[in-house]
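The values are calculated or read from the model by the stated rules, or taken from the named source; none is laboratory data. Everything numeric in this text was worked out from a predicted model, so none of it was measured. Note that we place each Cβ from the backbone using ideal geometry, even for glycine, and neighbour counts take in every protein chain shown. Note: accessible area is taken over every heavy atom of the protein model, side chains too, but ligands, DNA and RNA are not part of it. Shrake-Rupley method; radii C 1.70, N 1.55, O 1.52, S 1.80 Å.
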Amino acid sequence: MSLEICTLHRGSAPLLVSLPHDGSAIPAALAARMTPEARRAPDTDWHVSRLYAFARALGASILVPTHSRYVIDLNRGEDDTSLYPGQNTTGLVPLLRFTGEPVYLPGREPDAGEVVSRIDTYWRPYHSALREELDRIRAEHGRAVLWEGHSIKGSGLPFLFEGRLPDLNLGTASGASCSPALQARLEAALAAQAEYDWVANGRFKGGHITRHYADPGSGIDAIQLELSQRTYMDEDGFEYDEAKAAALQPLLRRLLGIALEG
(Lines give C-alpha, C1' and ligand atoms only; values in the text may rest on other atoms or scores of the structure.)
Protein backbone atom coordinates (compact mmCIF):
# COMPACT_ATOMS: atom_id res chain seq x y z
CA MET A 1 0.00 0.00 0.00
CA SER A 2 1.45 3.37 -0.99
CA LEU A 3 0.26 6.74 0.27
CA GLU A 4 1.27 10.21 -0.79
CA ILE A 5 3.57 10.78 2.19
CA CYS A 6 4.18 7.28 3.55
CA THR A 7 4.36 3.62 2.66
CA LEU A 8 2.68 0.79 4.52
CA HIS A 9 3.81 -2.81 4.37
CA ARG A 10 0.83 -4.78 5.64
CA GLY A 11 1.82 -7.84 7.64
CA SER A 12 0.05 -10.86 9.11
CA ALA A 13 0.96 -10.52 12.80
CA PRO A 14 -0.56 -8.32 15.55
CA LEU A 15 2.38 -5.90 15.34
CA LEU A 16 2.72 -2.49 13.69
CA VAL A 17 6.18 -0.92 13.55
CA SER A 18 5.86 2.84 13.08
CA LEU A 19 8.99 4.78 12.06
CA PRO A 20 7.76 8.40 11.96
CA HIS A 21 11.17 10.07 11.76
CA ASP A 22 12.76 7.86 9.11
CA GLY A 23 11.91 10.23 6.25
CA SER A 24 14.45 12.81 5.08
CA ALA A 25 12.85 14.43 2.00
CA ILE A 26 12.44 18.21 2.05
CA PRO A 27 10.64 19.92 -0.87
CA ALA A 28 13.04 22.19 -2.79
CA ALA A 29 11.02 25.35 -2.19
CA LEU A 30 11.04 24.69 1.54
CA ALA A 31 14.73 23.76 1.63
CA ALA A 32 15.56 27.12 0.03
CA ARG A 33 14.23 28.81 3.16
CA MET A 34 16.35 26.70 5.50
CA THR A 35 19.90 27.10 6.74
CA PRO A 36 22.51 25.08 4.85
CA GLU A 37 22.92 22.80 7.88
CA ALA A 38 19.18 22.12 8.16
CA ARG A 39 18.91 21.19 4.47
CA ARG A 40 20.84 18.01 5.31
CA ALA A 41 18.02 16.98 7.69
CA PRO A 42 20.56 16.05 10.38
CA ASP A 43 17.93 15.16 12.99
CA THR A 44 16.54 12.29 10.93
CA ASP A 45 16.22 8.88 12.60
CA TRP A 46 18.66 7.64 10.00
CA HIS A 47 18.26 4.15 8.53
CA VAL A 48 15.75 2.84 11.08
CA SER A 49 13.63 1.31 8.30
CA ARG A 50 16.72 -0.56 7.13
CA LEU A 51 17.54 -1.61 10.68
CA TYR A 52 14.00 -2.93 11.28
CA ALA A 53 13.62 -4.56 7.86
CA PHE A 54 13.85 -7.98 9.54
CA ALA A 55 10.45 -7.30 11.15
CA ARG A 56 8.75 -8.24 7.89
CA ALA A 57 9.83 -11.84 8.48
CA LEU A 58 8.07 -11.69 11.85
CA GLY A 59 4.84 -10.74 10.09
CA ALA A 60 4.89 -7.13 11.25
CA SER A 61 3.23 -4.26 9.44
CA ILE A 62 5.67 -1.38 8.88
CA LEU A 63 4.70 2.27 8.35
CA VAL A 64 7.37 4.62 7.02
CA PRO A 65 7.09 8.31 6.01
CA THR A 66 8.99 9.93 3.18
CA HIS A 67 9.44 13.48 4.48
CA SER A 68 11.73 14.96 7.11
CA ARG A 69 10.57 15.88 10.59
CA TYR A 70 11.55 19.42 9.58
CA VAL A 71 8.56 19.42 7.21
CA ILE A 72 6.36 18.24 10.05
CA ASP A 73 7.03 16.10 13.11
CA LEU A 74 4.64 13.18 12.92
CA ASN A 75 5.34 12.28 16.55
CA ARG A 76 3.90 15.53 17.89
CA GLY A 77 0.27 16.22 18.58
CA GLU A 78 -1.77 18.35 16.20
CA ASP A 79 -2.07 20.97 18.95
CA ASP A 80 1.75 20.97 19.46
CA THR A 81 1.47 20.40 23.22
CA SER A 82 4.93 19.86 24.72
CA LEU A 83 5.73 16.23 25.43
CA TYR A 84 8.24 17.18 28.12
CA PRO A 85 7.12 20.35 29.91
CA GLY A 86 10.01 22.33 31.36
CA GLN A 87 12.61 20.66 29.11
CA ASN A 88 13.98 21.75 25.77
CA THR A 89 12.33 20.00 22.87
CA THR A 90 11.32 20.63 19.26
CA GLY A 91 7.79 21.18 18.00
CA LEU A 92 5.25 20.04 15.45
CA VAL A 93 6.91 22.19 12.79
CA PRO A 94 10.41 22.55 14.25
CA LEU A 95 12.03 25.96 14.25
CA LEU A 96 15.12 24.67 16.04
CA ARG A 97 17.44 21.76 15.41
CA PHE A 98 18.48 19.34 18.16
CA THR A 99 21.53 21.56 18.66
CA GLY A 100 19.30 24.55 19.46
CA GLU A 101 20.33 26.25 16.21
CA PRO A 102 17.68 27.56 13.78
CA VAL A 103 16.14 25.48 11.02
CA TYR A 104 15.17 28.54 8.94
CA LEU A 105 16.97 31.52 7.56
CA PRO A 106 16.02 34.77 9.35
CA GLY A 107 12.47 35.82 8.52
CA ARG A 108 11.73 32.65 6.49
CA GLU A 109 9.91 30.69 9.21
CA PRO A 110 6.44 29.26 8.46
CA ASP A 111 3.38 31.19 9.59
CA ALA A 112 0.27 29.72 11.21
CA GLY A 113 -1.45 29.16 7.87
CA GLU A 114 1.47 27.18 6.53
CA VAL A 115 1.51 25.00 9.63
CA VAL A 116 -2.18 24.16 9.09
CA SER A 117 -1.45 23.31 5.47
CA ARG A 118 1.38 20.97 6.45
CA ILE A 119 -0.86 19.24 8.98
CA ASP A 120 -3.41 18.57 6.26
CA THR A 121 -0.85 17.50 3.67
CA TYR A 122 1.59 15.40 5.69
CA TRP A 123 0.40 14.77 9.25
CA ARG A 124 -3.17 13.62 8.70
CA PRO A 125 -2.41 10.99 6.02
CA TYR A 126 0.23 9.34 8.22
CA HIS A 127 -2.01 9.27 11.25
CA SER A 128 -4.97 8.05 9.22
CA ALA A 129 -2.88 5.17 7.90
CA LEU A 130 -1.63 4.37 11.40
CA ARG A 131 -5.12 4.40 12.92
CA GLU A 132 -6.60 2.29 10.15
CA GLU A 133 -3.85 -0.31 10.35
CA LEU A 134 -4.07 -0.55 14.13
CA ASP A 135 -7.81 -1.00 13.89
CA ARG A 136 -7.42 -3.66 11.21
CA ILE A 137 -4.86 -5.56 13.27
CA ARG A 138 -6.97 -5.47 16.43
CA ALA A 139 -10.08 -6.55 14.54
CA GLU A 140 -8.20 -9.48 13.01
CA HIS A 141 -6.23 -10.61 16.06
CA GLY A 142 -8.15 -9.24 19.01
CA ARG A 143 -5.10 -7.24 20.05
CA ALA A 144 -2.38 -5.03 18.53
CA VAL A 145 1.10 -3.92 19.50
CA LEU A 146 2.36 -0.57 18.24
CA TRP A 147 6.16 -0.41 18.23
CA GLU A 148 7.59 3.07 17.76
CA GLY A 149 11.13 2.80 16.35
CA HIS A 150 13.31 5.88 16.88
CA SER A 151 16.95 6.88 17.04
CA ILE A 152 18.98 9.93 17.95
CA LYS A 153 22.58 11.01 18.27
CA GLY A 154 23.41 9.74 21.73
CA SER A 155 26.03 12.29 22.72
CA GLY A 156 26.85 15.92 22.12
CA LEU A 157 23.28 17.27 22.26
CA PRO A 158 23.27 19.41 25.42
CA PHE A 159 20.23 21.32 24.16
CA LEU A 160 18.21 18.14 24.75
CA PHE A 161 20.11 16.21 27.42
CA GLU A 162 23.36 16.25 29.35
CA GLY A 163 26.18 13.82 28.70
CA ARG A 164 25.67 10.46 27.04
CA LEU A 165 22.28 8.92 26.36
CA PRO A 166 22.01 5.17 27.11
CA ASP A 167 22.22 2.84 24.12
CA LEU A 168 18.57 1.77 24.35
CA ASN A 169 15.80 3.93 25.81
CA LEU A 170 12.53 2.13 26.39
CA GLY A 171 9.46 4.36 26.68
CA THR A 172 6.03 3.33 27.89
CA ALA A 173 4.69 6.69 29.10
CA SER A 174 5.89 5.75 32.59
CA GLY A 175 4.02 2.46 32.40
CA ALA A 176 0.74 3.78 31.01
CA SER A 177 1.05 2.70 27.37
CA CYS A 178 1.40 -1.07 27.74
CA SER A 179 0.55 -3.81 30.20
CA PRO A 180 2.82 -4.14 33.26
CA ALA A 181 3.54 -7.74 32.29
CA LEU A 182 4.74 -6.78 28.81
CA GLN A 183 6.95 -4.01 30.16
CA ALA A 184 8.43 -6.40 32.73
CA ARG A 185 9.31 -8.95 30.05
CA LEU A 186 10.92 -6.30 27.85
CA GLU A 187 12.95 -4.98 30.78
CA ALA A 188 14.00 -8.52 31.70
CA ALA A 189 15.29 -9.11 28.18
CA LEU A 190 17.27 -5.87 28.29
CA ALA A 191 18.67 -6.73 31.72
CA ALA A 192 19.69 -10.19 30.54
CA GLN A 193 22.15 -8.83 27.96
CA ALA A 194 25.39 -7.02 28.70
CA GLU A 195 26.33 -5.51 25.34
CA TYR A 196 24.17 -2.40 25.57
CA ASP A 197 23.23 -0.14 28.44
CA TRP A 198 19.58 0.85 28.70
CA VAL A 199 16.95 2.70 30.67
CA ALA A 200 13.17 2.55 30.89
CA ASN A 201 11.23 5.83 30.91
CA GLY A 202 14.28 8.02 31.26
CA ARG A 203 14.78 11.13 29.14
CA PHE A 204 12.49 9.68 26.46
CA LYS A 205 9.25 8.16 27.74
CA GLY A 206 7.38 7.85 24.46
CA GLY A 207 6.13 10.55 22.13
CA HIS A 208 2.69 11.58 20.95
CA ILE A 209 2.08 8.40 18.96
CA THR A 210 2.91 6.10 21.86
CA ARG A 211 0.79 8.09 24.28
CA HIS A 212 -2.14 8.83 21.98
CA TYR A 213 -2.73 5.42 20.43
CA ALA A 214 -2.03 3.27 23.47
CA ASP A 215 -5.10 1.65 24.99
CA PRO A 216 -3.94 -1.42 26.93
CA GLY A 217 -7.38 -1.98 28.41
CA SER A 218 -8.78 -2.37 24.89
CA GLY A 219 -5.95 -4.51 23.57
CA ILE A 220 -3.54 -1.93 22.12
CA ASP A 221 -0.10 -1.87 23.74
CA ALA A 222 2.33 0.83 22.59
CA ILE A 223 6.08 0.90 23.17
CA GLN A 224 8.74 3.35 22.01
CA LEU A 225 12.38 2.38 21.67
CA GLU A 226 14.80 5.28 21.18
CA LEU A 227 18.20 4.00 20.06
CA SER A 228 21.43 5.90 20.37
CA GLN A 229 22.63 5.98 16.79
CA ARG A 230 26.12 4.85 17.79
CA THR A 231 24.64 1.36 18.20
CA TYR A 232 24.16 0.86 14.44
CA MET A 233 25.69 3.76 12.45
CA ASP A 234 28.22 6.58 12.33
CA GLU A 235 26.55 9.36 14.32
CA ASP A 236 28.51 12.15 12.65
CA GLY A 237 28.67 10.97 9.06
CA PHE A 238 25.17 9.41 8.98
CA GLU A 239 26.45 6.20 7.35
CA TYR A 240 24.88 2.85 8.20
CA ASP A 241 27.32 0.42 9.85
CA GLU A 242 26.54 -3.13 8.73
CA ALA A 243 28.60 -4.77 11.48
CA LYS A 244 27.09 -2.70 14.28
CA ALA A 245 23.58 -3.19 12.93
CA ALA A 246 24.04 -6.94 12.62
CA ALA A 247 25.18 -7.09 16.24
CA LEU A 248 22.14 -5.12 17.44
CA GLN A 249 19.40 -6.76 15.37
CA PRO A 250 19.17 -10.04 17.36
CA LEU A 251 18.28 -8.03 20.46
CA LEU A 252 15.72 -5.98 18.54
CA ARG A 253 14.28 -9.21 17.14
CA ARG A 254 14.02 -10.60 20.67
CA LEU A 255 12.20 -7.49 21.88
CA LEU A 256 9.72 -7.59 19.02
CA GLY A 257 9.21 -11.29 19.65
CA ILE A 258 8.33 -10.55 23.26
CA ALA A 259 5.87 -7.91 22.10
CA LEU A 260 4.25 -10.47 19.81
CA GLU A 261 3.88 -12.94 22.66
CA GLY A 262 1.37 -10.59 24.29
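Filtered by the rule that a residue be surrounded by 21 or more Cβ atoms within 10 Å (Cβ to Cβ) and not aliphatic (A, V, I, L, M), segment 229-262 gives GLN229, THR231, TYR232.
Put simply, of GLY77, GLY100, GLY86 the only residue that is open to solvent by 60 Å² or more (accessible area, probe 1.4 Å), in a loop (DSSP other than H, G, I, E, B) and out of contact with any strand residue (DSSP E or B) (no Cβ under 7 Å at 6 or more places or on another chain) is GLY86. Listed by first and then second residue, the pairs linking a residue in segment 47-64 that is more than 14 Å from ARG253 (Cβ to Cβ) and modelled with pLDDT of 95 or more to a residue that is among the aromatic types (Phe, Trp, Tyr) and in a helix (DSSP H, G or I), with Cβ atoms under 8 Å apart and 6 or more places separating them unless they lie on different chains, are LEU63/TYR126. Considering only residues that are modelled with pLDDT of 95 or more and surrounded by fewer than 17 Cβ atoms within 10 Å (Cβ to Cβ), look in segment 140-161 and name the one that is nearest to the chain's Cα centre (by Cα). Residue satisfying both the conditions and the ranking: ARG143.
For segment 132-147, give me the residue count where each residue is in a loop (DSSP other than H, G, I, E, B) and touching a helix residue (DSSP H, G or I) at 6+ places or on another chain (Cβ under 9 Å). So that I can check it myself, show each step before the final result.
Pass one, segment 132-147, residues in a loop (DSSP other than H, G, I, E, B): 142-143.
From what is left, the residues that are touching a helix residue (DSSP H, G or I) at 6+ places or on another chain (Cβ under 9 Å) are 143.
Here the count works out to 1.
Kindly provide the set of residues from segment 208-261 that are touching a Lys or Arg at 6+ places or on another chain (Cβ under 9 Å), part of a strand (DSSP E or B) and either among the β-branched types (Val, Ile, Thr) or farther than 19 Å from ARG143 by Cβ (or both), ordered by number. Scanning segment 208-261 gives ILE220, GLU226, SER228, MET233, TYR240. Among the residues of segment 166-182, at least one is more than 22 Å from TYR84 (Cα to Cα) and free of Cβ contacts under 8 Å to residues at least 12 places away in the same chain.
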